[in-house]
1. Suppose we look only past 48 Å in the calculated P(r) of the protein assembly as shown. What percent of the Cα-Cα pairs does that tail hold?
2. What is the sum of charges, Lys and Arg at +1 and Asp and Glu at -1, for the other residues whose Cβ falls under 15 Å from the Cβ of B:Thr755?
3. Beyond 26 Å, what percent of the Cα pairs of region B:236-354 remain?
4. Using the Cβ atoms and a cut-off under 12 Å, what net charge is assigned to the surroundings of B:Asp119, where Lys and Arg are +1 and Asp and Glu are -1?
5. Show which aspartates and glutamates lie in cross-link reach of B:Lys620 when reach means a straight Cα distance below 17 angstrom and same-chain residues fewer than eight apart are skipped.
6. Tell me the label-point distance for the pair B:Thr1030, B:Ala270, using the 7 Å Cα-to-Cβ offset, in nm and rounded to one decimal.
7. Would you please classify the overall shape of region B:457-555 from the alpha carbon gyration tensor, given that a ≥ b ≥ c denote the square roots of the eigenvalues, rounded means a/c under 1.5, and beyond that prolate means a/b larger than b/c while oblate covers the rest?
8. Using just the helices of the protein assembly as shown, give the 222 nm mean residue ellipticity in deg cm²/dmol: DSSP H runs with n ≥ 4 each add -39,500 (n - 2.57), and the total is spread over all residues, rounded to 500.
Amino acid sequence: MSIVRKFILVDDDSINNLISTIIIETALGQVDITAFQVPENALSFIQQEYKEEREPTILFLDLNMPTLSGWEFMEEYVQFPDVVKEQIRIFILTSSIDNRDKDKANAYSNIAGFVEKPLEEKLILSITGAAM
Amino acid sequence: MKINIHQKILLIPALILAALGFIGYSVFKINQNILASEKWVQHTELVLSQSGKILSLTKDIEVASNRFVLTNDSTLLEHATLHYTILLLVGKLRALAERNSNQQQRIDTLNLYVQKFLDFSNEIIRVRRMEGLEAAIKLVSTRQGMADMVRIRQITNTIQQQETSLLNLRKLSNERSVVAFKRFSNVTFILLIIFAIVLIVTIRNFLIQNKTKALAASTLLLANAELAFQNEEKERKAAELVIANKELAYQNTEKEDRAAELIVANEELAFQNEEKERKAAELIIANRELAYQNTEKEHRAAELIIANAELAFQNEEKEHRAAELIIANTELAFQNEEKENRAAELIIANRELAFQNEEKERKAWDLIAANAELAYQNEEKGNRAAELIVANAELAFQNEEKERKASDLIIANTELAFQNKEKEQRAGELKTAEEKITKISYLYAFISQVNQNIVREKDQSTLFSNSCIQAIKFGKFKIAWIGLFENDNTVFSLVAQDGIPGAHNASFANIKVHSNDPLDHILRTQSYYIVNDMQNQENMESWKQFSISFGINSWLIFPIKKSGIVIGAFNLFSTEINFSSREEIALLVELTNDISFALELFEKSRQQRGTEELILLNEKKFRSIIEKSADMKFLSTPDEKLVYGSPSIIKVLGYAWEEFIEVSLFTIFHPDDFEEFVEKRNMILQTSGKSFNTVHRLKHKNGKWIWCEGTVTNLLDEPGVHALISNLKDISEKKITEEQREFDRNNLKALINNTSDFMWSVNRRFELITSNQPFDDWVVIDPGPAAPMTIANGTGSLPSKLIRNRTSYERAFAGETFTEIEHETSPVDSWCEISYHPIRQGDEVIGTACFSRNITQRKLAEFERMKISNDLLRRNEDLEQFAYIISHNLRSPVANILGLTNAMNLTSLSAERKEGIRLALNDSISRLDTVVTDLNEILQVKREISEIKEKVSFSELVENIKISIKNLLETDQIEVLHNFSGIDQMFTMKSYIYSIFYNLISNSIKYRRMDVDAKIEIASERFDNKIELTFTDNGMGIDLDKKGTQVFGLYKRFHPGIEGKGMGLFMVKTQVEALGGKINIESRLNKGTAFKIEFPI
């Protein structure tokens, strides 16, 4: 398995996006990271960019966002064509430590994992396959 | 220049007038100052808020630019609008400071730095766009923006301090001018008096002029004193300022302390959250427990219903049993009646039997008499026989005499034969006579034998057969035979004979009776018949041959009678022609009569034997009836000595009746029944045949008391009885059953009446069958013997209460068992649980049993509980939501700080990166601070309301808010309208209401549509128990379908790019609820929003 080198960050909190960028770059070196503070923009970006096959991508999704929550994001996302979804692995990245959120995330087949903030290097290594 | 006295005199009033004018002017001025100072307060507040806004906007711009640098998210660049706003604000601030050149200078400097800051921000954006993150961070790390920012902060602080101190100074000067004016007016007043005195003195010194200087000196002295006083005042104020400074310093330390306290409070809060979660968990457990208890209760209720049904079933069973018992009783009663009837019949039969006995006795006596008579007759006959024997003997003797005489005569004859032919004739005659005598003597012997036979023999056939033999033997007849008429006297059949030649037996066996033959003659005449010449007589053709061959010439037939009817005949055949003389026939008739009599006698004795057997049989039956009967029968003497007792006594009482022979029956009487029994008994003792009914207890051999019921009859005078007859029946079983029934009935009554539940039953015609006491009390039934109340007919109080249950009754009539709850609203809310149980008779439902229970208390408690638990749930949810949001919002910057500090430790980072992290760390920490501050604010509201309530005028409130944002309203063409004609005043907490109004108005301004003139309308309306406030705008609106549930949520924002942190509406809701009110929202996207607030009065 090749190491994933493309990332999308969806979080209204720019600082978290900064932290995630630093951690991912520290772990993997130069990679392609696109950060969105407005989830709607991320959705239209994905719809646009992933119509055709592209690089496998990991998306970190925050839950608590003002205009569109992570769950609402997922509702839109699951309606995307399979070709889009096959390329993207979504991880919930949240400051929430509420188990209900964790349970809800488990209920989505399109969600690959639930990560508590802050993002850590070893997690990146393990989920991208770089640790092997 | 000297002033003469005249001039002086003129000058003084002029001075007084001038002084008065000065006082007037001062009053006017001071008032104006006071008025102006109010304006100044507002002005200062505006300056403070504007400059604060500038500072916060600057911060926002800085944060936005930094974030853009980090994320390159172009939506963040909407803060370009902030640039416009901030410049606008600076312009407004400058306008406010129009008359203060110092402030204007500062504001210009501020403007400069703001411009610089904006330029820098724009530069950063440009660099990030054009040259990328690294360059941008590099630029940011020059801290130029921060330096500008610090300057802006310093200047705004200075402006604010200046403005505040100005305000304070103004306030002070106002106060002072008021004080000074007071003092001045006092002084002036004193001066006026002095002037007046001076005037008087001057007039007095009209002649003495040299004292004017002294007066001027005194005036100067006064002015000096005033100046000294003013110096003192200034020193005092300086001291106050020092104190104020100290106070400020103290406040700063206080704030630091509070910050420390806040951290502690945070920890406390985190702990409280944990506590709340724990409590929430406990509540959930408690809820589950409650739910479980409810199910338990339902279970128990279900079990109770089953138990009720069981009870009802048992009742039904009991009723069944009772009904069966009634049937059994009626059966018993019927059997009793039957027995009584039978007993009565028996008595009749007894009497009949007794009568028959009597009859029989009488007949027996008759028979005995007849026997005696017969014996007598026998004796007579014997006598007669003896006489006949004697007569025979006599005859024999006479015969002997005659023989002797004959021999004498023969001798005489022989003697005379010689002599006389006449004498020969006489001898022939004598021979005939002799033959005749011989014949009669035979007959006598025959009769004598037959009579002996009659006496000796007891049966008919022997008598017949002997008679035939003796007829031949002694009567010297040729043939003797007896036949009986049979087949309606058409056949004469042989029963006994002697002398019939063997070959002819058959022809004698059954002789047909022909009319006018001798046998027919006998039957018709019932008298004897004689054929004298059988061989030659005309009607004897059939016998001719027989008579010739056996030399028979005569046939004598004598009827044999039984009870006077001819049943047969005695036939005698003789060889002689013309056999009989009258005398002989008479003898033979007599003989056959004797035979007939004997037959009669045989019959009678046979009949007597039959009767005796019948008597025995009847007696046996009677005895068995008496002795096999379950009833006890006593025959007793008047002193209750037992004469007879039926065997059933053993069965019922356990004693053998012999045991009573020595004992009075009274010894086994129950003492309670004894007296009454004796009284009743004594009443019948005097009258024969009288009887009485009695129910009393007798002691069983085993000591138990047996209830007996029956009659006692006085038969003391009855011949053959001479006793009191008691006929008693064991009714213990019946008594027990009766007692059991009564117990059951009372038990049932107690069960159904001692309850507050209603029980009643209704038949298919909607008539009441039964009801319990509580039901009766409820419907107030007249207990009179009125016809059953008809529920359907609309009379009485019952129908009106129950008529509406008609469909329920019909359901029950259709066979359904069910329970329903009825809710009545008048006069008060009440609930009843009514269950219907069909009453069946066989397969048919004949009515329904109804049970009604008042469950109002339970229902009310249920509602109360539901309300409480709903409240609890809601509060719990609120708390949970609050805890969730708080934890999230606290955790969010903390997670950032964690991530950033982790990142900081990475060695590979460039300096620019590190600077970026430092900035972000700063930002995160200030966000944490903001959250904590917000939290404090929210908790302040959530805490108990301690502020004192006061009268608040809505219109004043709105006007004040309008003034405070006047410039904004003017520049942006925002219209705020209000109509508080419904109600303008409310007694409440002013600060909360102010905050609510301010937040809602500011919300409407924030989210106005830029393409239309914003318009905000506020109105109030008063209802019976509430005040309703409506805030309507024509702004952007919110898509409530999507966001409805989050509108009032903490940190919820719906419009990216518009300043705000999602606190406003949350605070509004919290404050409305803290005041006991409710808030609702209606909104349409791009049309506007309306908030409706209700406060209870």
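Coordinate-derived values only; no laboratory data. This structure is a prediction, so every number in the text was calculated from the model and none was measured. A quick note on method: Cβ atoms are made from the backbone with ideal geometry, for glycine too, and the neighbour counts reach across all protein chains shown.
1. Cα-Cα pairs in the protein assembly as shown separated by more than 48 Å: 70 percent.
2. -2
3. Percent of Cα pairs beyond 26 Å in region B:236-354: 72.
4. Charge balance in the 12 Å sphere: 0.
5. Within reach: B:Glu345, B:Glu352, B:Glu612.
6. With each label placed 7 Å out from Cα toward Cβ, I get 4.8 nm.
7. It is oblate, given that a/c is not under 1.5 and a/b is not larger than b/c.
8. Helix-only estimate at 222 nm: -22000 deg cm²/dmol.
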